[in-house]
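Some notes on the structure that comes next.
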Amino acid sequence: MADPSSYRPKPGQIPDSPGVYKFRDEHGRVIYVGKAKSLRQRLANYFQDLAGLHPRTRTMVTTAASVEWTVVSTEVEALQLEYSWIKEFDPRFNVKYRDDKSYPYLAVTLNEEFPRVQVMRGAKKKGVRYFGPYGHAWAIRETVDLMLRVFPVRTCSAGVFKRSAQIGRPCLLGYIGKCSAPCVGRISAEEHQELAEEFCDFMAGRTGAHIRRLERRMQDAAEEMEYERAARLRDDIGALKRAMEKSAVVLADATDADLIAVAEDELEAAVQIFHVRGGRVRGQRGWVTDKVQAVTTGDLVEHALQQLYGEEQGDAVPKEVLVPALPDPVEPVAQWLSQRRGSQVSLRIPQRGDKKDLMATVARNAQQSLALHKTKRASDLTTRSRALEEIAEALGLDSVPLRIECFDISHLQGDDVVASMVVFEDGLARKSEYRRFQIKTFQGQDDVRSMHEVIGRRFKRYLQEKQKSGEWTEEPAADARVDDNGVTNGTVTARVDDPEPDPTANRPTDEDGRPKRFAYPPQLVVVDGGAPQVAAARRALDELGIDDVAVCGLAKRLEEVWLPEDDDPVVLPRSSEGLYLLQRVRDEAHRFAISYQRSKRTKRLKASPLDAVAGLGDTRRQALLKHFGSLKKLRAATIDEICEVPGVGRKTAETVAAALAGAAPSAPAVNTATGEIIEDDGAPPAALSSERGQDR
């Protein structure tokens with residue numbers, strides 16, 4: 001535990017101006033980010049007598065080993081920089097809201113030629129109009145089904161749309177009147193775009209004009225004695241009104257506001273947000289956070305506003321934001337919101353009337369959300385704690401393994417041999433720490449040798465990170481022998497293999513306090529396999545001089561737990577929570593390895609001689625195949641014929657012709673059912689023939 005006085009800045013060194021500050025721990029990781037109107041006054045509060053600090057603040061300052069700051073010109077800039085740094089460094093002592101679910105939105109893809117109405121989750125895309133969020137996806141589908149009678153916008157996928165256009169026949173929705181069938185030309189692209197915009201207007205709350213227009217058309221049809229058309233319009237009006245009833249009117253018409261309520265106790269806080277558009281509740285969401293620092297309700301509101309509007313622009317930020325407590329100071333936050341919207345935003349506490357009553361409803365939802373979260377988490381924490389304790393007891397560990405890493409090898413009959421590393425912390429998967437490896441030192445099928453290589457590469461990188469941080473400075477002995485991997489008596493030389501990271505994971509760099517990739521050792525390494533794989537993993541650790549990491553293996557056949565140098569396995573009861581956790585870790589490693597191995601195999605099978613042509617990108621490669629129809633015809637083409645393809649010059653044509661001439665044509669693929677020879681369509685025969693073998 002560090003003494004804050006050891007890194008306290010000298011008097012007068014801290015500027016008396018707005019800025020953002022960062023506390024770092026002994027490893028250089030950023031553990032807290034804060035902003036201040038006066039850096040000198042704010043930082044002085046952290047360096048007072050420890051007995052006078054809040055317990056969580058005391059934990060933070062004793063965990064830290066240094067503090068630094070950046071001066072800005074205004075408090076609004078400080079707010080923006082604080083938000084950016086919290087996202088970048090993910091400091092452990094900052095308030096971080098966790099979505100209690102992935103909320104679905106009703107999305108209209110106005111960026112497409114024929115806009116589509118669909119359910120979307122995740123990050124918002126440019127050019128797509130969103131409505132919501134909704135509590136359940138089925139609620140969106142019910143609303144859309146009602147509205148398609150009046151606004152028959154396309155809802156089908158790109159594949160269905162393309163297929164219908166090819167055969168000249170619409171899908172079922174087109175026949176029953178719930179799609180205008182632009183795929184077969186019943187409506188032009190411009191008319192369909194206008195229809196989609198009308199749909200968006202109705203969903204945005206401008207409902208009165210549409211209802212009145214339909215009522216006039218219904219009356220005109222009745223006067224002209226077109227009773228069938230009048231009946232259909234009557235049903236359309238009823239459908240729209242039923243859709244409107246699904247979102248109750250809570251405020252005066254045309255009111256756009258977000259209401260934020262907070263429920264909290266000493267340890268946690270829950271935030272609930274109601275999105276009101278056009279006087280109706282159009283969406284609801286909630287977050288829960290641990291209070292790892294001493295924060296007020298106003299601080300929680302400020303962090304919620306950053307989470308809610310940090311990536312939003314324009315109309316996504318409403319004219320009015322109602323909160324239970326104002327941040328201190330409130331002016332920079334209100335100014336920041338106004339900048340995000342592009343016009344004035346009112347940030348205030350409702351005092352009376354309908355808005356205060358609705359705020360009470362939001363607050364009740366927040367209280368229920370916090371109570372439900374505590375019930376679930378208590379159960380989860382109890383189960384996970386029991387599982388970790390059972391594992392520690394069964395394996396004879398000194399303490400529970402808070403960080404578990406599991407490794408698995410995957411291949412297809414010795415081809416595309418890869419490995420995976422998954423990480424569980426406190427019994428929960430930490431996917432940002434997952435890593436993937438290619439086996440580099442040999443070819444073929446040898447799970448034991450592969451496991452030895454992967455464990456060695458992972459922990460070489462760990463030792464290298466320790467060496468960089470100065471935690472490990474051991475020098476090799478004078479008579480030490482250096483092996484082929486550049487390792488000598490546990491000391492890593494300059495040569496270290498870098499495993500391939502998962503491209504879908506969050507990959508911050510290892511500088512400036514960002515989490516490092518292999519800096520944190522596990523307490524337990526689990527390998528997928530029995531005694532041979534466990535012995536290989538233990539041998540790899542021993543060669544590196546690592547003796548403080550436990551190793552075990554989980555064999556699939558009987559779910560036995562194997563330990564190094566033990567002739568008999570450890571058998572955990574089938575009802576054991578510890579065995580269930582080990583199975584989940586092992587199965588996740590297997591899933592991750594299989595997905596990587598399959599992706600590599602797919603890329604290999606789809607390989608083409610054109611891939612090796614320097615300077616030929618995907619666009620021109622596809623243009624060549626589209627122009628000639630197949631590799632066979634492209635191979636037979638002359639250089640002048642290849643130059644006829646748009647974007648392909650003579651030099652590129654000569655390179656393509658030379659590459660295809662040098663590539664031996666593959667044997668034709670055969671349809672095993674009919675005996676028919678399949679023409680070369682640009683994919684190698686291996687991709688067309690049936691696969692044999694089994695994923696490991």
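Some observations on this one:
- Every residue from the stretch 295-343 that is aliphatic (A, V, I, L, M) and assigned to a helix (DSSP H, G or I): LEU300, VAL301, ALA304, LEU305, LEU308, ALA316, VAL333, ALA334, LEU337
- Hey, ASP416 at pLDDT below 85 and either closer than 23 Å to VAL570 by Cα or out of contact with any helix residue (DSSP H, G or I) (no Cβ under 8 Å at 6 or more places or on another chain) (or both) or not: no
- Just one residue in the set LEU81, LEU146, LEU106 is touching a Phe, Trp or Tyr at 6+ places or on another chain (Cβ under 6 Å) and of a type in the set (A, V, I, L, M); that residue is LEU106.
- Checking each residue in the stretch 390-421 for being part of a helix (DSSP H, G or I) and open to solvent by 70 Å² or more (accessible area, probe 1.4 Å) picks out only GLU393.
- Under the condition of being under 18 Å from MET359 (Cβ atoms) and open to solvent by 30 Å² or more (accessible area, probe 1.4 Å), the residues counted in the stretch 324-334 number 3.
- Answer from PHE424, PHE518, PHE437 - the residue that is among the aromatic types (Phe, Trp, Tyr), part of a loop (DSSP other than H, G, I, E, B) and either modelled with pLDDT of 50 or more or over 27 Å from the mean Cα position of the chain (by Cα) (or both): PHE518
- Within the stretch 555-568, residues that are farther than 17 Å from GLU393 by Cα reach partners that are open to solvent by less than 30 Å² (accessible area, probe 1.4 Å) and not in a loop (DSSP other than H, G, I, E, B) with beta carbons closer than 7 Å, at six or more positions or on different chains, in the pairs GLU559/LEU579.
Yes/no matrix, rows are residues, columns are (1) at pLDDT 60 or above; (2) closer than 30 Å to ILE409 by Cα:
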residue: ARG586; (1), (2): yes, yes
residue: ILE594; (1), (2): yes, yes
residue: LEU624; (1), (2): yes, no
residue: GLY629; (1), (2): yes, no
residue: ALA658; (1), (2): yes, no
residue: THR674; (1), (2): no, no
residue: PRO684; (1), (2): no, yes
residue: ASP695; (1), (2): no, yes
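- Enumeration of residues in the stretch 35-52 that are crowded, with 16+ Cβ neighbours inside 10 Å and either in a helix (DSSP H, G or I) or free of Cβ contacts under 8 Å to residues at least 12 places away in the same chain (or both): LEU39, ARG40, ARG42, LEU43, TYR46
- Residue list for the stretch 163-180, filter: closer than 16 Å to LEU148 by Cα and either open to solvent by 60 Å² or more (accessible area, probe 1.4 Å) or without any contact (Cβ under 8 Å) to a residue 24 or more places away in the chain (or both): PRO170, CYS171, LEU172, GLY174, TYR175, ILE176
Here is a yes/no grid of residues against (1) under 21 Å from TRP287 (Cα atoms); (2) surrounded by 16 or more Cβ atoms within 10 Å (Cβ to Cβ):
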{"position": "ARG8", "(1), (2)": "no, yes"}
{"position": "ARG29", "(1), (2)": "no, yes"}
{"position": "TYR32", "(1), (2)": "yes, yes"}
{"position": "PRO55", "(1), (2)": "no, no"}
{"position": "ARG58", "(1), (2)": "no, yes"}
{"position": "VAL71", "(1), (2)": "no, no"}
{"position": "VAL76", "(1), (2)": "no, yes"}
{"position": "TYR83", "(1), (2)": "yes, yes"}
{"position": "VAL108", "(1), (2)": "no, yes"}
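- Test: residue in the stretch 56-66 that is in contact (Cβ under 8 Å) with a residue 60 or more places away in the chain, polar (S, T, N, Q), outside any loop (DSSP other than H, G, I, E, B) and touching a strand residue (DSSP E or B) at 6+ places or on another chain (Cβ under 6 Å): yes
- Filter result for ARG24 (part of a strand (DSSP E or B), among the charged types (D, E, K, R), surrounded by 14 or more Cβ atoms within 10 Å (Cβ to Cβ) and in contact with an Asp or Glu (Cβ under 9 Å, 6 or more places away or on another chain)): yes
- Residue under evaluation PRO15, criteria (1) part of a loop (DSSP other than H, G, I, E, B); (2) within 27 Å of the chain's Cα centre (by Cα), criterion not met: (2)
- Test: residue in the stretch 90-99 that is under 30 Å from ASP16 (Cβ atoms), at pLDDT below 85 and in a helix (DSSP H, G or I): no
- Contact map, the stretch 123-150: residues that are within 23 Å of GLY286 (Cα to Cα) and of a type in the set (Asp, Glu) paired with residues that are open to solvent by 40 Å² or more (accessible area, probe 1.4 Å) and assigned to a loop (DSSP other than H, G, I, E, B), Cβ distance under 8 Å, separation 6+ or inter-chain. Pairs shown: GLU142/LYS246.
- Residue match in the stretch 602-611 (condition: free of Cβ contacts under 8 Å to residues at least 60 places away in the same chain, more than 20 Å from ALA419 (Cα to Cα) and in a loop (DSSP other than H, G, I, E, B)): no
- Residue within the stretch 290-298 that is of a type outside the set (A, V, I, L, M, F, W, C) and closer than 24 Å to GLY127 by Cβ present: no
Here's the yes/no breakdown for (1) under 20 Å from VAL95 (Cβ atoms); (2) surrounded by 20 or more Cβ atoms within 10 Å (Cβ to Cβ):
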{"position": "ARG282", "(1), (2)": "no, yes"}
{"position": "LEU305", "(1), (2)": "yes, yes"}
{"position": "TRP336", "(1), (2)": "yes, yes"}
{"position": "ARG348", "(1), (2)": "no, no"}
{"position": "LEU358", "(1), (2)": "no, yes"}
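- With a requirement of 3 or more residues that are touching a Pro at 6+ places or on another chain (Cβ under 6 Å), hydroxyl-bearing (Ser, Thr, Tyr) and over 18 Å from VAL117 (Cα atoms), none of the helices (runs of 4 or more DSSP H) lying completely within the stretch 147-222 satisfies it.
- Of all residues in the stretch 264-279 being of a type outside the set (Phe, Trp, Tyr) and more than 30 Å from THR57 (Cβ to Cβ), the one that is surrounded by the most Cβ atoms within 10 Å (Cβ to Cβ): VAL276
- Among the residues of this structure, ALA387 does not count as one that is modelled with pLDDT of 90 or more and either among the small types (Gly, Ala, Ser) or open to solvent by 60 Å² or more (accessible area, probe 1.4 Å) (or both).
The values are calculated or read from the model by the stated rules, or taken from the named source; none is laboratory data. As the structure is a computational prediction, the values presented were derived from the model and not from experiment. Every residue, glycine among them, receives a Cβ derived from its backbone with ideal geometry; neighbour counts consider all protein chains shown. Just so you know, the surface numbers come from the protein's heavy atoms only, side chains and all, with ligands and any DNA or RNA stripped out. Shrake-Rupley method; radii C 1.70, N 1.55, O 1.52, S 1.80 Å.
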